[in-house]
1. Taking the conditions exactly as written (among the aliphatic types (A, V, I, L, M) and under 30 Å from MET794 (Cβ atoms)), does ALA647 satisfy them or not?
2. Of the conditions (1) more than 23 Å from the chain's Cα centre (by Cα); (2) part of a helix (DSSP H, G or I); (3) surrounded by fewer than 20 Cβ atoms within 10 Å (Cβ to Cβ), GLY160 clears all except one; give me its number.
3. For the range 421-438, which positions are out of contact with any Ser or Thr (no Cβ under 9 Å at 6 or more places or on another chain) and at pLDDT below 70?
4. Can you tell which of THR441, THR504 is modelled with pLDDT of 75 or more, under 43 Å from the mean Cα position of the chain (by Cα), among the hydroxyl-bearing types (Ser, Thr, Tyr) and surrounded by 15 or more Cβ atoms within 10 Å (Cβ to Cβ)?
5. Working carefully through the options VAL590, VAL568, VAL552, find the one that is in the same structural domain as LEU602 (by TED's automatic domain parsing), farther than 30 Å from ALA192 by Cβ and among the β-branched types (Val, Ile, Thr).
6. Please enumerate the residues belonging to the range 367-403 that are part of a helix (DSSP H, G or I), more than 23 Å from HIS727 (Cα to Cα) and at pLDDT 80 or above.
7. Taking the stated definitions as given, is THR832 modelled with pLDDT under 80, out of contact with any helix residue (DSSP H, G or I) (no Cβ under 6 Å at 6 or more places or on another chain), outside the structural domain of PRO918 (by TED's automatic domain parsing) and under 23 Å from ARG718 (Cα atoms)?
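The values are calculated or read from the model by the stated rules, or taken from the named source; none is laboratory data. Keep in mind the model is a prediction, meaning the values are calculated, not measured. Here Cβ is always computed from backbone atoms with ideal geometry, including for glycine, and neighbour counts include all displayed protein chains.
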Amino acid sequence: TAFRVQARLRQRLYDHLLGLGPAYLTHARTGPVATSMVEGVQQLEVYFGQFLPQLVVAVATPVLIFAFVAFVDLPVAAVLVGAALVTLIAPALWHRRDRAASYGRNRAYSAFGAELLDALQGLATLKAFGQSGERARLLEQKSQELFRSTMWLLGANTMGRGITDAGMAIGAAAALAVGAWRVHAGQMDLAALLVILMLGVEVFRPLRELRMLLHAGMLGTAAARGILDILAARPAVADHGQPTNGTSPTPTVAFEGVTFAYPGGRRIAHDGIDFHVSAGERVAFVGPSGSGKSTVVRLLLRFYDPDAGRVLVGGHDIRELTLHDLRRRIAVVSQDTYLFHGTVEENLRMGKADATPAELEAAARAADAHEFITGLPQGYATVVGERGIRLSGGQRQRIAIARALLRDAPILVLDEALSSVDAESEALIQQALDRLMEGRTTLIFAHRLSSVIGADRIMVLDGGRLAESGTHAELMTRRGPYWRLMNPQVSAARSEHLIAIDGTSSAASAAEGERAGAAVAEDGAVSSKTMGWLEALPILIRMIRGYRARLVATFGLGIARVAAIIAVGVLSALVVRAVKHDAPFGALLVALAMAAPLAGLLHWLESWLAHDMAYRLLNDMRLALFRKLDALAPAYLTRRRSGDLVAVATHDVELIEYFFAHTVTPVLVAIIVPLAVLGTLAMFGWPLAVALLPFLLYAALSPLLRRAHIDQLGSRAREVSGDLSAHTVDSIQGMAEIVAFQRERARGEELTARARAYLAARMPFLADLTREHALHEAVTGLGGLAIIAAGAWMVAAGRLDGAMLPLLTLLALSAFIPLWEVGQVGRQLADTLGATRRTHAIDSEPVPVRDGPGVPAPRPTDTMLTLRDVTFTYPGRRRPALAGVSLSVPSGSTVALVGSSGAGKTTIAHLCLRFWDPDAGEIRLAGHDVRAWQLDDLRR
């Protein structure tokens, strides 16, 4: 049921995001949205699957208690019902105070995820400018905010748990006290008091189990805030248009008096713009940055509606067309072309899902892409990486053009399609664009002269208005805004030096990302399947070394808490024994009244300290993880998907908290308490200890049985979850392409398939968890019966006082409490192991470039750069990207490196910045080998 709810909710979120459109994602950061869609929905697994069902049972508990105990004694039943109501309601009233803390925690968690995603995707740029350390400090601030908000929420949460524990213990003690006085007064018989004694705190078990799920309830409630915020957002446009019933309007485009300002913007993007583009006409739009060029594209695709005026396609107001009918007539090639993680073929099929191999090849040839594609390791089946990171900029653009050719739409939009490519790539891409524009109505948005010079008309935008229009020659003659924009390009001076780079491999085989990722698994998921608990435990234990004082205090409080719970049972049994022998029991009741609330107080303190230690450790882990990724970038990031890495730093690290906060102390308590109980039973008679021992052994060993199988299930679920997270980030960041190419349904089916894969990986784990829980309950009951049977035999044989049997039975049952807690934790630790494996996989990755010892500060004018016989081959590649390259750049000079796409231009830049080190030769800056420089000094 919980998984069905998750599936529906995730699909609803995806559909709602599609309805919100790319406009929503221009002001909503990818990190929080992806976190809500993946981790937020997953955190509702326990919330819907365990917390809510247990809450229903807990609400019914007071009624069930009264119905059962009323047959024994009505006044005692009233006391138990009152205690149950207080135990149920008081924590709920307390938790009403932490709603603001829940919101705060969700905001802090989302903010950290967003900053981390931005930092990871921009890590190469940060390193190039020597700013990765500064970004690490920003992440440290965000992580500290997350720690503080989490502890504030946990403080309220653990207080609620303390109230629950205290309420149960006080309720059981009060019921026993009332029963004892009634027996003493002759109003109730001793047998009824024995029933009350044996019920003890077990009558409150549903409330205790609800208390154990409050942490999951807290996380689920916090996650729901982010989900509800997304669902509450309203789309910028409404799809109320009418289908065209197969008719094809002429491919004309017109803006009539269009005025538009972005929501929350301070200035008008368009101020009364009018223009008309005829069928088959090529019209270019130029203007300074911020003049409104890209806004034309967004309004045409109806990401927004104008505040005034109309946008028409084929003579129809686009608000009268369905979004499907409008967007299927338009193909877009943009400056920030988004390629999805997948193969070249899969990205090409965005344009036409049912394209034949011949059609794919024809489109690639027309886009001048076939040659480099066939040179890739797997040709059209080569994985391009997230955002096409394994390809050069020119290669990405040519795939985008081929995709647009397959789209075969009558209206073509070229939005700065040549803005980020080198000179040779520009020439090749321009030729491909010329073929693409044939017979189509084309809108060209550009700042490069080469892109617009051949247009039928050029429109100049300035300050949101149409400043002038005409052909290139006409506008240059007028010496107006167009002339001021383009004249510097017409008269641009030549560079001082021009160096041609001839790559040792073809342009196709030297793709910037493929070079680094060819030798790794193509799914890009972080995994370390070889690690078991023997390897994981030392890693986790080493992290605690700096928190010994907190750990010792937590151990002490854990033992004291269980001792207080046992004391309540023991004192209760002694009260019954005193009543039976008509002995004074007032002092015992006073001691019982003191021990009962102490159990709740000690549990609150233990939980607070354990979580404080755990979340401080998580804070350290997140920062260490980013610093390691900083050292590994950019090579490592070409092999891994940023969404998966964010999942490691957020959800996986959160899962490791389970070990620190819920495992270390309970395991120690689970060793000491059962041994103490067995020793006590042996003092009263060895048959009692022998009777209980097999059941305790099973309870203790059950978390270890089939450990490898459970850990494998948990680790597999974490890897599938990471893939789901990465796919979600990919979908959110590529939402504009998904919408523009009308791939909403296909992409949604991919998301559903990954969600089902997660379900398939998760369900066996949860089924095993449920089965073990049921077995543990049965073993606990059988252990109690074994003590009663052995004790009855000893009483009959005169070897045991019959009045001690209830006390010893309660004592025996109390030995299962810490074992039951560890059993619950033990199964959940499969998730922790999977998360530890993934974090360790990153931590154990060898760093390709180490910091140098540093060099004396050179003179500001001493910046001579020299490459001597530099040879370099990317990891996983056979051919070198550079072979024996030598060049010298004198101080203060300007040098242009030119060459075909993939010839090695970017490689030289990366080697100079020490993203990698050359295999042979040397690079010297200011007379020093770059390997001697400290990295931040070099990059600044």
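1. On the way: among the aliphatic types (A, V, I, L, M): yes; under 30 Å from MET794 (Cβ atoms): no.
Taking the combined requirement at face value, the residue does not satisfy it.
2. (3) is the only condition that GLY160 fails.
3. So in the range 421-438, the residues out of contact with any Ser or Thr (no Cβ under 9 Å at 6 or more places or on another chain) come out as 423, 429, 431-432, 434-435, 437-438.
Result: ALA423, ILE429, ALA432.
4. Numbers: THR504 fails: modelled with pLDDT of 75 or more.
After ruling out the rest, the residue left standing is THR441.
5. Of VAL590, VAL568, VAL552, the one residue that is in the same structural domain as LEU602 (by TED's automatic domain parsing), farther than 30 Å from ALA192 by Cβ and among the β-branched types (Val, Ile, Thr) is VAL552.
6. So the first thing to find is which residues in the range 367-403 are part of a helix (DSSP H, G or I), and the list is 370-374, 379-381, 386-388, 393-403.
Going one step further and asking which of them are more than 23 Å from HIS727 (Cα to Cα), we end up with 370-374, 394, 398, 401-402.
Once the filter is applied, which keeps residues that are part of a helix (DSSP H, G or I), more than 23 Å from HIS727 (Cα to Cα) and at pLDDT 80 or above, the range 367-403 yields HIS370, GLU371, PHE372, ILE373, THR374, ARG398, ILE401, ALA402.
7. Numbers: modelled with pLDDT under 80: yes; out of contact with any helix residue (DSSP H, G or I) (no Cβ under 6 Å at 6 or more places or on another chain): no; outside the structural domain of PRO918 (by TED's automatic domain parsing): yes; under 23 Å from ARG718 (Cα atoms): yes.
So THR832 fails the test.
Results for (1) of a type in the set (A, V, I, L, M); (2) surrounded by fewer than 22 Cβ atoms within 10 Å (Cβ to Cβ), shown as yes or no for each residue.
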| position | (1), (2) |
| --- | --- |
| ALA699 | yes, no |
| ILE710 | yes, no |
| ARG716 | no, yes |
| GLU737 | no, no |
| PHE741 | no, no |
